[in-house]
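Notes follow the structure.
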Amino acid sequence: MNSNIFKHEFKMRLRSVIIWSLSAVGMSLLYLSIFPSFAQDAALIQQTMDAFPPELMAAFGMVDIDFASIMGFFTFVYLFLQILLAIQAANYGVGLVSIEERELTADFLMTKPVARVQIMNSKLLAALANLAVTQAAVWIGSFVFVNMFKGDSPVDNGKLILMLAGLIVFQLFFLFVGLAISLLVRRVRSVTPYGMGLGFGMYALSAFGDLLGESKLELLTPFKHFSPNYVVKNGRFDTPLVLISIVVIVVAAAASYWLYLRRDIPSVT
């Protein structure tokens with residue numbers, strides 16, 4: 001690892017990290033703060049929910065949620081955290097090496113006495129450190145707000161920790177898949193369409209799977225691999241599905257290194 005590259009990459013995303021972290025914490029605060037109202041009128045709210053089409057409820061992951069319990073309500077919040085963190089990680093993955101190619105500054109970096117492996121290692125470690133800051137904010141915010149607004153509803157800390165731990169692997173999936181995609185395309189002109197497309201695309205697969213009752217789609221999307229409803233019911237993730245995400249991470253990471261070491265990187269000249 002090259003410390004100078006690491007520091008530069010980490011500082012370059014620091015403002016972005018702060019914005020994503022505050023957004024995640026603010027969203028958790030906003031939704032969890034209304035839990036006491038939901039808990040008081042749980043029966044009435046459930047009747048209202050039952051009036052909606054089952055397909056619509058399935059599309060938003062609101063099937064079999066106990067809104068009267070803080071753990072059940074957190075599964076609803078968890079889905080929005082997943083979407084937000086997926087886009088963040090995908091953006092960082094897509095932009096990890098494409099920024100030099102897009103701004104034609106790669107030749108300056110490549111002329112330094114630093115191997116490509118060191119460059120990739122430094123950039124990845126910086127991105128992981130950036131994501132770790134957001135993860136820390138999400139963990140702290142989730143524990144504080146869940147306990148702040150739980151009322152008389154019991155909190156299962158073991159399940160809460162497991163769900164939050166799942167978000168770590170969940171973000172790694174989008175980071176490495178985004179990185180691999182950026183190296184497969186000729187040139188990334190803008191990170192946002194790729195990050196948004198990957199994040200919302202995987203969510204759409206999950207929603208369509210619920211709408212169509214198609215269980216095979218769950219093999220493709222980490223939104224199903226890390227289902228909070230499954231954790232609340234079973235006290236664990238679905239291990240075979242989690243292993244699929246881990247395999248994808250390993251394959252995408254290996255492919256990214258292979259592609260980067262052999263990539264013809266454009267320069268100013």
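The values are calculated or read from the model by the stated rules, or taken from the named source; none is laboratory data. Keep in mind that what you see is a predicted model, and the values were worked out from it rather than measured. Cβ: placed from backbone, ideal geometry, glycine included. Neighbour counts: every protein chain shown.
Computed quantities for the displayed model
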| quantity | calculated |
| --- | --- |
| Restricting the stretch 189-198 to residues that are in a helix (DSSP H, G or I) and of a type in the set (Ser, Thr, Tyr), the residue that is farthest from Trp258 (Cα to Cα) | Thr192 |
| Check on Met120, of a type outside the set (Asp, Glu), buried (at least 19 other Cβ atoms within 10 Å of the Cβ) and more than 24 Å from Tyr257 (Cβ to Cβ) | no |
| Every pair of residues 6+ apart whose Cβ atoms lie under 6 Å, when the first sits in the stretch 64-89 and is in contact (Cβ under 8 Å) with a residue 24 or more places away in the chain and surrounded by 23 or more Cβ atoms within 10 Å (Cβ to Cβ) while the second is outside any helix (DSSP H, G or I) and not aliphatic (A, V, I, L, M) | Ile70/Lys150; Ile70/Ser153; Phe73/Phe67 |
| Residue ID - modelled with the highest pLDDT, chosen from residues in the stretch 173-185 that are β-branched (Val, Ile, Thr) and assigned to a helix (DSSP H, G or I) | Val177 |
| Residue in the stretch 131-151 that is among the charged types (D, E, K, R), modelled with pLDDT under 90, surrounded by 16 or more Cβ atoms within 10 Å (Cβ to Cβ) and under 30 Å from Ile70 (Cα atoms) present | yes |
| Members of the stretch 2-42 that are over 23 Å from the mean Cα position of the chain (by Cα), surrounded by 14 or more Cβ atoms within 10 Å (Cβ to Cβ) and aliphatic (A, V, I, L, M) | Ile5, Ala39, Ala42 |
| Ser28 being polar (S, T, N, Q) and either outside any helix (DSSP H, G or I) or modelled with pLDDT of 80 or more (or both) | yes |
| Condition met for Pro193 (under 25 Å from Leu96 (Cα atoms) and either at pLDDT 80 or above or of a type in the set (Asp, Glu) (or both)) | yes |
| Qualifying position, being modelled with pLDDT of 85 or more and over 22 Å from Leu125 (Cβ atoms), among Leu85, Leu81, Leu56 | Leu81 |
| Considering residues of the stretch 7-31 that are in contact with a Ser or Thr (Cβ under 7 Å, 6 or more places away or on another chain) and aliphatic (A, V, I, L, M) only, the residue nearest to Met120 (Cα to Cα) | Val17 |
| Test result for Met71, modelled with pLDDT of 85 or more, in contact with a Ser or Thr (Cβ under 9 Å, 6 or more places away or on another chain) and either among the basic types (Lys, Arg) or part of a helix (DSSP H, G or I) (or both) | yes |
| Meets criteria (small (Gly, Ala, Ser) and under 11 Å from the mean Cα position of the chain (by Cα)) for Gly166 | yes |
| Residues that are farther than 18 Å from Tyr78 by Cα and within 17 Å of the chain's Cα centre (by Cα), drawn from the stretch 220-240 | Leu220 |
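Residues checked against (1) part of a helix (DSSP H, G or I); (2) surrounded by 19 or more Cβ atoms within 10 Å (Cβ to Cβ); (3) free of Cβ contacts under 8 Å to residues at least 60 places away in the same chain:
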site	(1), (2), (3)
Ile161	yes, no, yes
Gln171	yes, yes, no
Arg187	no, no, no
Val248	yes, no, no
